[in-house]
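The values are calculated or read from the model by the stated rules, or taken from the named source; none is laboratory data. Keep in mind the model is a prediction, meaning the values are calculated, not measured. Heads up, the Cβs are rebuilt from the backbone with ideal geometry, glycines too, and the neighbour counts pull from every protein chain shown. These area figures cover heavy atoms from the full protein model, side chains too; ligands, DNA and RNA do not enter into them. Shrake-Rupley method; radii C 1.70, N 1.55, O 1.52, S 1.80 Å.
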Amino acid sequence: MKRLALTSLALAAILAAGGAGYWAGHRGIALPGLRNWLGIEGSLAANETAGVGPVIYYQDPDRKPVYSTEPAQTVDGRPFRAVRASEDISFEEKPEGKEQAVQAEKGRILYYRNPMGLPDTSPVPKKDSMGMDYLPVFEGEASEDGIIKLSPGRIQRSGVRSEPVRRQSIAQTIRVPGVVQLDERRVSVVAIRADAFVQEVAPVTTGDRVDKGTRLARIYSPDISTAGAQYITELNAAARGVPEGGAKQRLENLGVPPEIIAEIERSRKVPPTINWSAPRDGIVLERNVSDGMKMVAGTSLFRLADISTIWVLADVPERELSDVHIGAPVSVRLRGRPEVAFEGRVSVIYPQIAEATRTAKVRIELANPDGVLLPNMYADVEIGAGDASAELTVPQSAVIDSGTRRIVILDRGEGRFEPREVKLGRRGDGMVAISEGVSEGDRVVVSANFLIDAESNLKAALSGFSSTEAKP
């Protein structure tokens, strides 16, 4: 009976000590005497430092990966260990000596940097305001100047993606506005070279299409009649052996059609009126004559234009003019008929720049057999620029252009990235040529490269900060 009572008292004392330890642990009160009395001072307690701050969660006392948000016990009745905010928060089992082995493998620790990337370093281990451990920077890592190292998890979360540098030709297209214009070489003015009276005008109006030789007007000119009579006199004199004078040449100088001169020579009569005809096929742009008008020498009767071939004048910006060359392929689409594309080539690059728009005129000649292209129509012009030679190219998203420098991020593998300054060439179809800075086969980051660039700038700042601290 006495033995049973002693056993009960011992159990009660142990339970009381455990409860006191649990209560003291929740309130951050150290009870060294209790730990010595329980005989654990030299075992687990010898290898641990007491945590501070609120309890974050509870872990199995044997450090098994079993956790609880509330106080819990194991199957054999032992309470879970309270893990506080200042302690290492990890959900992975860390075998004994693993950290020391990793540290020995990486080399000597130079300093510790802020885990959130802030420009703050420390020569000794420390924690930030949130209880997170500063990250060690090893000697091997610091020796790789310009190399950024990211963990696989961070690379996956950031969406980092890279592509190889390829050698290919860039199909560059310059898109500019244009205006349809007449071919200057196919415009004719029907004029009279002597004073005349309009006897009758043909039923031809502005916009009508006429063929070569179509009668436009019937006129009477005293000067032409006089020259015709002189020509008949010379023809009759020539029959008697008298040398021919210059009457025929005068008729030609007055613009008399060749068929009228031939008719005078055949009939030996001067017609009272002369039919003035169209010198070429085309459309009537202007009609400046009416029945009964008196026309002085040099007056324009009609203005005709052949629109079977038409011009498109495109305004190319000054900065893109160097990429345009004679013979470059061109595609033209009318604003009113965007579904139809007219194909042509650059025929002339005008040798002057407009001061107001800083553009140069580029002429494109297009066949217009159906007469769809009309003068002064607006058009959208696409000019194929550059040559077909292969160049080192990367996607445009791979280039970070700050205005003063242009860099790409090289993917060195195993989470290692290196910023590289490059020189750019032509752009087109979402690609940009690289003339200096990379080699064929290098992998460049095309997604999330701005985040890596920010990490690079941060590392440079930390490196400068640490080197300043190291000075005596």
Can you tell me which residue in region 364-393 is most open to solvent (accessible area, probe 1.4 Å), limited to those that are closer than 30 Å to Pro419 by Cβ and among the hydrophobic types (A, V, I, L, M, F, W, C)?
-> Ala390
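Scanning for something part of a loop (DSSP other than H, G, I, E, B), open to solvent by 50 Å² or more (accessible area, probe 1.4 Å), at positive phi and modelled with pLDDT of 90 or more, does region 394-406 turn up at least one residue? Spell out how you get there, then give the answer.
So in region 394-406, the residues part of a loop (DSSP other than H, G, I, E, B) come out as 399, 402-405.
With open to solvent by 50 Å² or more (accessible area, probe 1.4 Å) added as a condition, the list becomes 402-405.
With the extra rule that they be at positive phi, the set shrinks to 403.
From what's left, modelled with pLDDT of 90 or more: none.
Within region 394-406, not a single residue is part of a loop (DSSP other than H, G, I, E, B), open to solvent by 50 Å² or more (accessible area, probe 1.4 Å), at positive phi and modelled with pLDDT of 90 or more.
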Subset of region 413-434 (residues that are part of a loop (DSSP other than H, G, I, E, B), touching a helix residue (DSSP H, G or I) at 6+ places or on another chain (Cβ under 7 Å) and either surrounded by 15 or more Cβ atoms within 10 Å (Cβ to Cβ) or touching a residue at least 40 places away in the same chain (Cβ under 8 Å) (or both)) = Gly415
Can you tell me which residue within region 55-92, out of those that are within 20 Å of Gly131 (Cα to Cα) and either part of a helix (DSSP H, G or I) or open to solvent by 90 Å² or more (accessible area, probe 1.4 Å) (or both), is modelled with the highest pLDDT?
-> Thr69
So which pairs qualify, if the first residue must be in region 302-322 and more than 30 Å from Gly207 (Cα to Cα), the second must be open to solvent by 30 Å² or more (accessible area, probe 1.4 Å) and part of a strand (DSSP E or B), the Cβ gap must be under 6 Å, and the two must be at least 6 apart or on different chains?
-> Glu318/Ile353
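Of the residues that sit in region 248-293 and are outside any strand (DSSP E or B) and of a type in the set (Lys, Arg), which one is surrounded by the most Cβ atoms within 10 Å (Cβ to Cβ)? Give the steps one after another, and end with the answer.
Taking region 248-293 and keeping what is outside any strand (DSSP E or B), we get 248-273, 278-281, 288-293.
Right, trim to of a type in the set (Lys, Arg) and you get 248, 250, 266, 268-269, 280.
Details: Lys248: 19, Arg250: 17, Arg266: 8, Arg268: 11, Lys269: 11, Arg280: 15.
Checking each candidate, the answer is Lys248.
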Give the residue that is modelled with the lowest pLDDT, with candidates limited to residues of region 143-172 that are among the charged types (D, E, K, R) and open to solvent by 80 Å² or more (accessible area, probe 1.4 Å).
-> Asp145
